[in-house]
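Worksheet: the structure to be examined is printed underneath.
The values are calculated or read from the model by the stated rules, or taken from the named source; none is laboratory data. What you see is a predicted model; the values in this text were computed from it and never measured. Cβ placement follows ideal geometry from the backbone for every residue including glycine, while neighbour counts extend to all protein chains displayed.
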Amino acid sequence: MTDDIYFAPLLPWQQTLWSQLTQRVLAPQQSLPHALLAAGMQGMGKRAFVWRLVAWLLCRARDEHPLGACGHCESCQWLRSGTHPSLQTLPLVSLPVSADNANNNEAANSTAKDKKPTKTASNASLKIKIDDIRALQPFIYQGGQGMRICVLDHAEKMTIAAANALLKTLEEPQAQVHLFLISDAPAQLLPTIKSRVQQLALQTIDPAIAVTYVTQALGSTIHREAVGTSAIEQLIQLANGAPLAAVTLAQAPWYSKRALWLTTWQALRSGKRSSVAASDYWQTQLDIAEFIQLSELMILDIRRVGLGFDAQQKDIHFPINLTEHQPTDDALEAFVHSLQQTKTALQQNVQEKFAYDKLMQELAYL
């Protein structure tokens, strides 16, 4: 993620909310709530919205630029350099950085293509501890310093002690201090935290707007025949209605290999191909993390077909005899569990070849 996130164009489904909030800030005798929560599934643009709003709130020329930060004033330049004195972020890895340092930032960013996070970014750096919250206190309570903003990304990663420490700040709001909490899993937040913040209405996305956005986003990168309305609607459905996630899905290296996955599975099941040969081939096609993502999606539809429902993926043909030879629930659960175990093993530097070999052996008996 780079500093461009502060000045990116407003996503079309966020225009109404943006107008409501900015008009409230600019109107006399009104202000934003002390604490706001941007929550919901990945790929809906909640981080893009928050960082854009942060930049606008801090912008010295916001009165003349109601549609977004000017990008040129002293405040905007501080943001570009990552040294704004009125902004604090937890965890630090979530702070947008300049393009020169972007490779050091592995934080989730719904406006960028998926990257494989490092172990540091996915584990230790995405934990917010009580000492982290305590370290914010001087910044929050210093007083007389103009507007100050704290952004807590991955807020569900707060420990219980950290969440309890944050409650004090939420219960004693300070003038001109705003807290933004961002969460992909708001159900994991303490009820006491959620009761003291106002949630931003970011989750309602008009389907027609989503289709138009995804179509335009993919038009320059995907062949025209591959982005028909039905294909776009399928992408959005598979992404649970999140337009940015749908774009990322379409651009994922593994998405075009779904039919090939089915062919491999059927060949393994029938004994026409050995698990070793399948493993060797797939290692030349996708890295193991991508193959796991592909497998998880395919298993979902195999389950649906086995239960008598239509597959969500209409553009590929599931085996006609699948209903007669449907894997048992226990077998499917065991394979999904193995996929999860493989994810964990990869974080412990298990060689991809061994992981691939093991999964292909299990897929042969599914």
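Take the conditions part of a helix (DSSP H, G or I) and farther than 24 Å from residue 347 by Cα and apply them to residue 249. Does it pass?
In short, no.
Among the residues of the range 123-134, is any at pLDDT below 50, polar (S, T, N, Q), buried (at least 21 other Cβ atoms within 10 Å of the Cβ) and closer than 28 Å to residue 75 by Cβ? Break it down stepwise before answering.
From the range 123-134, those at pLDDT below 50 are 123-125; that's our starting set.
Next, from what is left, pick out any that are polar (S, T, N, Q): 123, 125.
Still in the list and also buried (at least 21 other Cβ atoms within 10 Å of the Cβ): none.
Within the range 123-134, not a single residue is at pLDDT below 50, polar (S, T, N, Q), buried (at least 21 other Cβ atoms within 10 Å of the Cβ) and closer than 28 Å to residue 75 by Cβ.
Quick check on my filter: what residues within the range 269-309 are buried (at least 18 other Cβ atoms within 10 Å of the Cβ) and not in a helix (DSSP H, G or I)?
273, 286
Do we find that residue 63 is surrounded by fewer than 19 Cβ atoms within 10 Å (Cβ to Cβ), assigned to a helix (DSSP H, G or I) and either polar (S, T, N, Q) or modelled with pLDDT of 90 or more (or both) in this structure? Reasoning before the result, please.
Values: surrounded by fewer than 19 Cβ atoms within 10 Å (Cβ to Cβ): yes; assigned to a helix (DSSP H, G or I): yes; either polar (S, T, N, Q) or modelled with pLDDT of 90 or more (or both): yes.
When the stated conditions are applied, residue 63 passes them.
Taking the stated definitions as given, is residue 202 modelled with pLDDT under 95, in contact with a Lys or Arg (Cβ under 7 Å, 6 or more places away or on another chain) and more than 26 Å from residue 287 (Cβ to Cβ)? Steps first, answer last, please.
Working: modelled with pLDDT under 95: yes; in contact with a Lys or Arg (Cβ under 7 Å, 6 or more places away or on another chain): yes; more than 26 Å from residue 287 (Cβ to Cβ): yes.
Yes, satisfied.
Give me the pairs: first residue in the range 268-285 and basic (Lys, Arg), second residue surrounded by 12 or more Cβ atoms within 10 Å (Cβ to Cβ), beta-carbon distance under 6 Å, and six or more apart or on different chains, which are they?
273/267
Out of 38, 69, report the one residue that is within 13 Å of residue 6 (Cα to Cα) and in contact with a helix residue (DSSP H, G or I) (Cβ under 8 Å, 6 or more places away or on another chain). Break it down stepwise before answering.
Details: 38 fails: within 13 Å of residue 6 (Cα to Cα).
Selected residue: 69, the only one of 38, 69 that is within 13 Å of residue 6 (Cα to Cα) and in contact with a helix residue (DSSP H, G or I) (Cβ under 8 Å, 6 or more places away or on another chain).
Consider residue 156 against the criteria (1) in a helix (DSSP H, G or I); (2) over 19 Å from the mean Cα position of the chain (by Cα); (3) not aliphatic (A, V, I, L, M): it satisfies all of them except one. Which criterion is unmet?
Failing condition for residue 156: (2).
So how many residues does the range 311-350 have that are over 29 Å from the mean Cα position of the chain (by Cα), of a type in the set (Val, Ile, Thr) and not in a helix (DSSP H, G or I)?
So the count comes out to 1.
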